[in-house]
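Everything on this sheet refers to the single structure shown next.
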Amino acid sequence: MRFPRASAWGPTTVSSPQAQLPGAPLRVAITNPYVWPHVRRGSERLLNDLACYLRDAGHAVTVLAMAPQQGDEVREGIRYDLTRERWSGRRRQLNSLHFFAWALQERLAREPFDLVFCLNYFDAYAAVRCRERHGLAYKVVFQNVGIPTRRYFRAVPLDRWFMHQVLRRADHCLVLSEFARESLQREFGVAAQVLPPPVVTEGFGAAAP
């Protein structure tokens, strides 16, 4: 699978007509447990910029995430289908992330997609499990947005199981840096491609002398 250079990604809210992906328009689902404005972290920013880039390239983009309330809305040409968050505030071993891994399966089965781009191993598990259970044909891309290490999973064996299932069954595994790629290879024996997070660089020009 070929991916565009990060430097080609357009700004958050400004169209970038130069962004063109080869082939016919795709029906793309981007999944993540959380989304703006309810949570604002790195993966939520990556989700927003990726969705805008794919929209500007002519693809039909649907974001699937959790929110305090159920919702279905369109933001600047991007559909947001939001599942009401449940099990929030629970312990790390069982919480709303685990709920999302199961609830998202039902949602993915209701609409045909060509590609499901996942930013967390919980939603990536939902994508691979739903595909196999219902005989669907979409491709699953898992973007690991952190530094993958086995030590992280020592206290959460169920999460480790989710992670291993995703690494074994996803069509493509991506990481944000060369360091993360080396860590995934060393810790889990899985090869990945590096897709750096999009950064709009126009505001970082050299200052006048």
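The values are calculated or read from the model by the stated rules, or taken from the named source; none is laboratory data. Here the structure is a predicted model, which is why all the values come from computation and not from measurement. Cβ sites come from the backbone with ideal geometry, for glycine too, and all protein chains shown count toward neighbours.
Here is the figure for region 113-135: residues that are more than 26 Å from Leu195 (Cα to Cα) and touching a residue at least 12 places away in the same chain (Cβ under 8 Å) total 3. The sole residue among Phe142, Phe179, Phe162 that is in contact with a Cys (Cβ under 6 Å, 6 or more places away or on another chain), at pLDDT 95 or above and not in a loop (DSSP other than H, G, I, E, B) is Phe142. Of all the criteria given as (1) surrounded by 15 or more Cβ atoms within 10 Å (Cβ to Cβ); (2) touching a helix residue (DSSP H, G or I) at 6+ places or on another chain (Cβ under 6 Å); (3) at pLDDT below 95, the one not satisfied by Arg86 is (1).
Candidates Gln143, Gln70: the one that is surrounded by fewer than 17 Cβ atoms within 10 Å (Cβ to Cβ), touching a strand residue (DSSP E or B) at 6+ places or on another chain (Cβ under 7 Å) and within 23 Å of Val39 (Cβ to Cβ) is Gln70. Taken as a whole, the condition of being in contact (Cβ under 8 Å) with a residue 40 or more places away in the chain, within 18 Å of Phe142 (Cβ to Cβ) and surrounded by 13 or more Cβ atoms within 10 Å (Cβ to Cβ) applies to Leu64. Only one of the numbered conditions (1) surrounded by 20 or more Cβ atoms within 10 Å (Cβ to Cβ); (2) touching a Lys or Arg at 6+ places or on another chain (Cβ under 6 Å); (3) farther than 25 Å from Thr83 by Cα is violated by Arg181, and that is (2).
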